[in-house]
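The values are calculated or read from the model by the stated rules, or taken from the named source; none is laboratory data. Computed from a prediction, not measured in an experiment: that's the story for all the values here. Every residue, glycine among them, receives a Cβ derived from its backbone with ideal geometry; neighbour counts consider all protein chains shown. The accessibility values were calculated without ligands, DNA or RNA, using every heavy atom of the protein model including side chains. Shrake-Rupley method; radii C 1.70, N 1.55, O 1.52, S 1.80 Å.
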Amino acid sequence: MTVADDSQSALQRALQRAGPLWGGWITGPTVLGPEEFARTGYDYVGFDAQHGYLDDAGIARMLRRIEHVPIGTVVRLPNADAAPIGRVLDAGADAVVIAMVESADQAAAAVAATRHQPRGIRSFGPLRASLGHDPIALESRVSVFAMIETAAALSGLSEICAVEGLAGLYVGPADLALSMGVDVVGATQHPAIIDAIARIHAAATTAGLVTGIHAGDGKAGRTMAKLGFRMITLAAESQALRRGAAEHLREATGQ
C-alpha cells in the first residue's frame, strides 16, 4: 500500500492509484461546476485558459473555492509564457497542460516556467497560505504536461519525452486530426488517429511519463482507458449540463 505524502498535490496522490483518472473540464466562470464534478466522482477538473472564457483571476477564485474538495486541478494554457503559468500555480493549481508543444525546447520552456531560480524562471509568489513558502516543495507538487496535438510533434516524441521535469503527455485529438488531414468529427475512431494516439502513449510510457487525453465523451474515454491512458477528460461543464437537461426533458415528455 502506498502511503500518501502530504507534500504531494491531489492529482499526484490520485495518480498513485491503479487505473484511469476521469476528468471534467471548465470553460467559463462557474461556482458549481468543479464541485459537481467532484461530487459525481470525477478525479480531476481542468480549467481552460486556452479556449475557454477564463482569466487568471477567475481560475484563482475557483481554485480557492475547491481548495478542500477532494479533486485534482489542471489548468490548460496556450503556451509556455512564464507569467500566466506562475500565476495559476501560485493560486494552487496541481498541474499545467501546455498546448501545441512540438519540440523538446518548447517542453523544456514549459518546465522552466514552473521552477524557481536557479532551476528555472518562475518568480516566487505563492498566493495561498496552505502552499507554504518552500520553493522546492512548491515545485515538487506541480505536474507539467506537454500537449501533443500536431503531426510535427509526432516526429519529435522521443526528444520531448526525454525533457527533465516533464510529468507527462496530454493528447489533443481534434488538432491532431486537423494536422493529419482527418475530419475532427469522430477523430478518435479514425485508424490513423488511433495509431498516432497509440504511438504517443507508447513513447510516453517507455519514458516513464503519465499519459492523458481529451476524450470528449464517455465512449471515447472507455476506448482510451483500454489503450492505457491514465488521465482521461470526458466532458466540459456545458456538455454535462446539456446532457443532464436533455435527459430530464426526455423523462418529462416521454420522448
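Please find, within the range 78-92, the residue that is most open to solvent (accessible area, probe 1.4 Å) out of those that are more than 20 Å from V171 (Cβ to Cβ) and not in a helix (DSSP H, G or I). Among them, the one singled out is D81. The residues in the range 103-147 that are under 21 Å from T73 (Cα atoms), β-branched (V, I, T), outside any helix (DSSP H, G or I) and more than 19 Å from the chain's Cα centre (by Cα) can be counted, and the count is 0.
Can you pull out the residues in the range 157-191 that are more than 18 Å from G216 (Cα to Cα) and assigned to a helix (DSSP H, G or I)?
Pass one, the range 157-191, residues more than 18 Å from G216 (Cα to Cα): 157-168, 179-181.
Correct list: L157, S158, E159, I160, C161, S179.
Residue pairs whose Cβ atoms lie under 8 Å apart, separated by 6 or more positions or on different chains, with the first residue in the range 168-185 and on the phi < 0 side of the Ramachandran plot and the second open to solvent by 70 Å² or more (accessible area, probe 1.4 Å) and hydrophobic (A, V, I, L, M, F, W, C), are D175/M100; V184/L178.
Would you point out the residue of the range 74-113, among those that are touching a residue at least 60 places away in the same chain (Cβ under 8 Å) and touching a strand residue (DSSP E or B) at 6+ places or on another chain (Cβ under 6 Å), that is farthest from A49 (Cα to Cα)? So that I can check it myself, show each step before the final result.
So in the range 74-113, the residues touching a residue at least 60 places away in the same chain (Cβ under 8 Å) come out as 74, 76, 94-95, 97, 99-100.
So of that shortlist, the ones also touching a strand residue (DSSP E or B) at 6+ places or on another chain (Cβ under 6 Å) come out as 74, 76, 94-95, 97, 99.
Numbers: V74: 10, R76: 6, D94: 15, A95: 13, V97: 10, A99: 10 Å.
This residue is D94.
Got a number for residues in the range 224-255 being open to solvent by 60 Å² or more (accessible area, probe 1.4 Å), among the polar types (S, T, N, Q) and in a helix (DSSP H, G or I)? Residues in the range 224-255 being open to solvent by 60 Å² or more (accessible area, probe 1.4 Å), among the polar types (S, T, N, Q) and in a helix (DSSP H, G or I): 2 in total. Being within 22 Å of L15 (Cα to Cα) and β-branched (V, I, T) is the filter here, so list the residues in the range 86-110 that pass it. Passing the criteria: V88, V96, V97, I98. Test G216 against the criterion of being of a type outside the set (F, W, Y), at pLDDT below 95 and in contact with a strand residue (DSSP E or B) (Cβ under 8 Å, 6 or more places away or on another chain), and give yes or no. When the stated conditions are applied, G216 passes them.
Please verify whether H51 is more than 14 Å from V142 (Cβ to Cβ), exposed (fewer than 15 other Cβ atoms within 10 Å of the Cβ) and within 14 Å of the chain's Cα centre (by Cα), treating the condition exactly as stated. Don't jump to the end; show me each part of the working.
Values: more than 14 Å from V142 (Cβ to Cβ): yes; exposed (fewer than 15 other Cβ atoms within 10 Å of the Cβ): yes; within 14 Å of the chain's Cα centre (by Cα): yes.
Criteria met by H51.
Can you say whether R199 is farther than 29 Å from P29 by Cβ, assigned to a helix (DSSP H, G or I) and not hydrophobic (A, V, I, L, M, F, W, C), as far as the supplied structure shows? So R199 fits the description; yes. Could you say whether any residue in the range 58-67 is in a loop (DSSP other than H, G, I, E, B), in contact with a Lys or Arg (Cβ under 8 Å, 6 or more places away or on another chain) and either of a type in the set (F, W, Y) or open to solvent by less than 10 Å² (accessible area, probe 1.4 Å) (or both)? No, the range 58-67 contains no residue that is in a loop (DSSP other than H, G, I, E, B), in contact with a Lys or Arg (Cβ under 8 Å, 6 or more places away or on another chain) and either of a type in the set (F, W, Y) or open to solvent by less than 10 Å² (accessible area, probe 1.4 Å) (or both). Here is a check on your reading of the model: is T150 hydroxyl-bearing (S, T, Y), buried (at least 21 other Cβ atoms within 10 Å of the Cβ) and out of contact with any Cys (no Cβ under 9 Å at 6 or more places or on another chain)? It is false that T150 is hydroxyl-bearing (S, T, Y), buried (at least 21 other Cβ atoms within 10 Å of the Cβ) and out of contact with any Cys (no Cβ under 9 Å at 6 or more places or on another chain). Could you please let me know if D195 is among the charged types (D, E, K, R), surrounded by fewer than 21 Cβ atoms within 10 Å (Cβ to Cβ), closer than 27 Å to S158 by Cβ and free of Cβ contacts under 8 Å to residues at least 40 places away in the same chain? So D195 passes the test.
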